[in-house]
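Trainee: I have a structure I would like to understand better, so I am pasting it below and will then ask my questions one at a time.
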Amino acid sequence: MLTVSHLRSMKEKGEKIAMLTAYDYPSAKLAEQAGIDMLLVGDSLGMVVLGYPSTVQVTIDDMIHHGKAVARGADDTFLVVDMPFMSYHVSLEDSLNNAKRIFQETNAHALKVEGASPETIRLIERMTAAGIPVIAHLGLTPQSVNVLGGYRVQGKDRDTAQKILDEAKAVEKSGAAALVLECIPKELSEVITASLSIPTIGIGAGQACDGQVLVYHDVLQYGVDRLPKFVKSYLDGNEDVTGSLKQYIEEVKSFRFPSDDHSFTMNRDFLPVMQQ
Ligand code: KIV
Ligand code: NA
């Protein structure tokens with residue numbers, strides 16, 4: 001299994017890191033069997049599997065519940081769990097206690113936090129000092145969608161590009177083990193990736209990042225209607241799954257399922273006599 005130090009050496013060797021989200025036992029199991037380097041129990045689970053309007057509704061208990069299931073499905077894979085909305089950005093002590101709870105109860109190998117506010121920088125330092133590796137997350141930070149005013153590409157002009165680079169250096173300095181870059185121009189990812197010794201893992205951030213992460217259900221186009229530009233689907237899950245379900249329904253209605261192949265039999269002599 002990968003460790004934090006492997007991540008750095010993969011960057012040095014130019015070996016790409018392949019990361020995927022997972023939210024439950026079967027998705028984790030299949031991703032591990034496929035050879036994924038790292039799994040993320042993202043708070044995107046709120047939208048992707050719980051049907052919430054954003055990640056803002058996701059609770060610590062949600063993250064722990066799903067984190068444990070993923071850990072059971074992929075116990076040989078580096079596991080990152082998101083700290084959800086307002087589980088940090090509270091007092092430093094409460095944030096650390098929440099981190100402790102999520103880290104201990106899920107058996108995660110690292111936790112992820114969004115942003116680089118002075119409080120978050122301090123939290124990354126304290127978590128790292130306490131032995132909790134932290135993955136930082138910059139660019140589009142979905143927990144702040146209501147402040148950012150929507151899911152938009154970040155860092156397209158000189159000032160915001162400089163700000164994201166400065167934040168990236170700050171999270172590295174504070175001890176972050178890796179950095180997720182979401183929805184920023186590929187040119188900016190290239191500069192950030194070259195400026196850091198920790199790996200960058202991009203989502204909607206181009207080829208230059210040291211690794212890539214995508215949402216499991218987007219990769220399989222399973223239960224998601226609209227895919228962002230940066231997603232590539234490798235399966236048409238909506239079509240394939242709905243097609244299979246239609247076939248099942250059709251076969252039940254037309255008496256074709258279950259056939260004898262899917263039925264148990266017994267000696268008719270042992271049948272109870274039918275009541276009149
Ligand atoms: O929650 C999530 O899925 C994420 C990834 C998009 C990086 O944070
Ligand atoms: Na997330």
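Trainee: Pick from L227, L179: which is without any contact (Cβ under 8 Å) to a residue 60 or more places away in the chain and within 30 Å of L123 (Cα to Cα)?
Mentor: On the way: L227 fails: within 30 Å of L123 (Cα to Cα).
From the options L227, L179, the qualifying one is L179.
Trainee: Take the residues in region 89-102 that are within 16 Å of ligand 2 (Cβ to nearest atom) and surrounded by 21 or more Cβ atoms within 10 Å (Cβ to Cβ), then tell me which one is farthest from the chain's Cα centre (by Cα).
Mentor: To start, the set of residues in region 89-102 that are within 16 Å of ligand 2 (Cβ to nearest atom) comprises 89, 98-99, 102.
Add one more test, that the residue is surrounded by 21 or more Cβ atoms within 10 Å (Cβ to Cβ), and what stays is 99, 102.
Numbers: A99: 17, I102: 15 Å.
The residue in question is A99.
Trainee: Is it the case that some residue within region 114-128 is within 16 Å of ligand 2 (Cβ to nearest atom), buried (at least 17 other Cβ atoms within 10 Å of the Cβ), in a strand (DSSP E or B) and modelled with pLDDT of 95 or more?
Mentor: Checked region 114-128: at least one residue is within 16 Å of ligand 2 (Cβ to nearest atom), buried (at least 17 other Cβ atoms within 10 Å of the Cβ), in a strand (DSSP E or B) and modelled with pLDDT of 95 or more.
Trainee: State yes or no: is E167 surrounded by fewer than 20 Cβ atoms within 10 Å (Cβ to Cβ) and either outside any loop (DSSP other than H, G, I, E, B) or at pLDDT below 95 (or both)?
Mentor: On the way: surrounded by fewer than 20 Cβ atoms within 10 Å (Cβ to Cβ): no; either outside any loop (DSSP other than H, G, I, E, B) or at pLDDT below 95 (or both): yes.
Taking the combined requirement at face value, the residue does not satisfy it.
Trainee: Taking only region 162-187 into account, find how many residues are small (G, A, S) and under 16 Å from A208 (Cα atoms).
Mentor: Going residue by residue through region 162-187, those that are small (G, A, S) are 168, 170, 174-178.
Still in the list and also under 16 Å from A208 (Cα atoms): 168, 178.
Adding up the residues that qualify gives 2.
Trainee: Please go through region 204-213 and give me each residue that is in a loop (DSSP other than H, G, I, E, B) and in contact (Cβ under 8 Å) with a residue 40 or more places away in the chain, ordered by number.
Mentor: Here is the first cut: in region 204-213, the residues in a loop (DSSP other than H, G, I, E, B) are 204-210.
Selection gives G204, A205, D210.
Trainee: Given the conditions (1) within 16 Å of ligand 2 (Cβ to nearest atom); (2) more than 26 Å from I17 (Cβ to Cβ); (3) in contact with a Phe, Trp or Tyr (Cβ under 9 Å, 6 or more places away or on another chain), which single one is not true for M86?
Mentor: (3)
Trainee: Checking the conditions here, which among I201, I184, I192 is under 26 Å from K13 (Cα atoms) and part of a helix (DSSP H, G or I)? Show your work before the answer.
Mentor: Details: I201 fails: part of a helix (DSSP H, G or I); I184 fails: part of a helix (DSSP H, G or I).
Of the residues listed, the single one that is under 26 Å from K13 (Cα atoms) and part of a helix (DSSP H, G or I) is I192.
Trainee: Could you list, in sequence order, all residues of region 129-149 that are among the hydrophobic types (A, V, I, L, M, F, W, C), assigned to a loop (DSSP other than H, G, I, E, B) and more than 16 Å from ligand 1 (Cβ to nearest atom)?
Mentor: In the first step, residues of region 129-149 are kept if they are among the hydrophobic types (A, V, I, L, M, F, W, C); the result is 129-130, 132, 134-136, 138, 140, 145, 147-148.
After this cut, where a residue has to be assigned to a loop (DSSP other than H, G, I, E, B) as well, the list is 132, 140.
Of everything in region 129-149, just one residue is among the hydrophobic types (A, V, I, L, M, F, W, C), assigned to a loop (DSSP other than H, G, I, E, B) and more than 16 Å from ligand 1 (Cβ to nearest atom), namely I132.
Trainee: Let me spell it out: the conditions are (1) closer than 18 Å to L140 by Cβ; (2) more than 23 Å from the chain's Cα centre (by Cα), and A205 meets all of them except one. Which number is the exception?
Mentor: The one condition A205 does not meet is (2).
Trainee: Among the numbered criteria (1) under 22 Å from M127 (Cα atoms); (2) crowded, with 24+ Cβ neighbours inside 10 Å, which single criterion is violated by A22?
Mentor: (1)
Trainee: May I pose another question? Of the residues K13, K29, which is at pLDDT 95 or above, more than 16 Å from ligand 1 (Cβ to nearest atom) and surrounded by 16 or more Cβ atoms within 10 Å (Cβ to Cβ)? Don't jump to the end; show me each part of the working.
Mentor: Details: K13 fails: surrounded by 16 or more Cβ atoms within 10 Å (Cβ to Cβ).
Being at pLDDT 95 or above, more than 16 Å from ligand 1 (Cβ to nearest atom) and surrounded by 16 or more Cβ atoms within 10 Å (Cβ to Cβ) holds for just one of K13, K29, which is K29.
Trainee: If you don't mind, another one. Being in contact (Cβ under 8 Å) with a residue 60 or more places away in the chain and aromatic (F, W, Y) is true for just one of Y222, Y234, Y216. Which residue is that?
Mentor: On the way: Y222 fails: in contact (Cβ under 8 Å) with a residue 60 or more places away in the chain; Y234 fails: in contact (Cβ under 8 Å) with a residue 60 or more places away in the chain.
Result of the check over Y222, Y234, Y216: Y216.
Trainee: In this structure, does G202 turn out to be out of contact with any Gly (no Cβ under 8 Å at 6 or more places or on another chain) and either modelled with pLDDT of 95 or more or aliphatic (A, V, I, L, M) (or both)? Spell out the reasoning first.
Mentor: Working: out of contact with any Gly (no Cβ under 8 Å at 6 or more places or on another chain): no; either modelled with pLDDT of 95 or more or aliphatic (A, V, I, L, M) (or both): yes.
So G202 does not fit the description; no.
So that you can scan it fast, the table gives a plain yes or no per residue for (1) within 15 Å of ligand 1 (Cβ to nearest atom); (2) not assigned by TED's automatic domain parsing to the domain that holds T141; (3) not aliphatic (A, V, I, L, M):
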residue	(1), (2), (3)
D37	yes, no, yes
V41	yes, no, no
A71	no, no, no
H109	no, no, yes
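Trainee: So in region 39-57, with the set limited to residues that are aliphatic (A, V, I, L, M) and buried (at least 24 other Cβ atoms within 10 Å of the Cβ), which one is nearest to N97 (Cα to Cα)?
Mentor: First, pick out the residues of region 39-57 that are aliphatic (A, V, I, L, M): 39-41, 45, 47-50, 56.
Those left that are additionally buried (at least 24 other Cβ atoms within 10 Å of the Cβ): 39-41, 45.
Details: L39: 23, L40: 21, V41: 19, L45: 22 Å.
Among those that are aliphatic (A, V, I, L, M) and buried (at least 24 other Cβ atoms within 10 Å of the Cβ), it is V41.
Trainee: Going through R226, R256 one at a time, which residue ends up being closer than 22 Å to Y52 by Cβ, out of contact with any His (no Cβ under 9 Å at 6 or more places or on another chain) and of a type in the set (K, R)? Walk me through how you get there before you give the answer.
Mentor: Details: R256 fails: closer than 22 Å to Y52 by Cβ.
Just one listed residue meets the conditions, R226.
Trainee: Which one of V273, V231 is out of contact with any strand residue (DSSP E or B) (no Cβ under 9 Å at 6 or more places or on another chain), of a type outside the set (S, T, N, Q) and in a loop (DSSP other than H, G, I, E, B)?
Mentor: Details: V231 fails: out of contact with any strand residue (DSSP E or B) (no Cβ under 9 Å at 6 or more places or on another chain).
The match here is V273.
The values are calculated or read from the model by the stated rules, or taken from the named source; none is laboratory data. What you are looking at is a predicted structure, and each value in this text was computed from that prediction instead of being measured. Backbone-built Cβ (ideal geometry, glycine too); neighbour counts: all protein chains shown.
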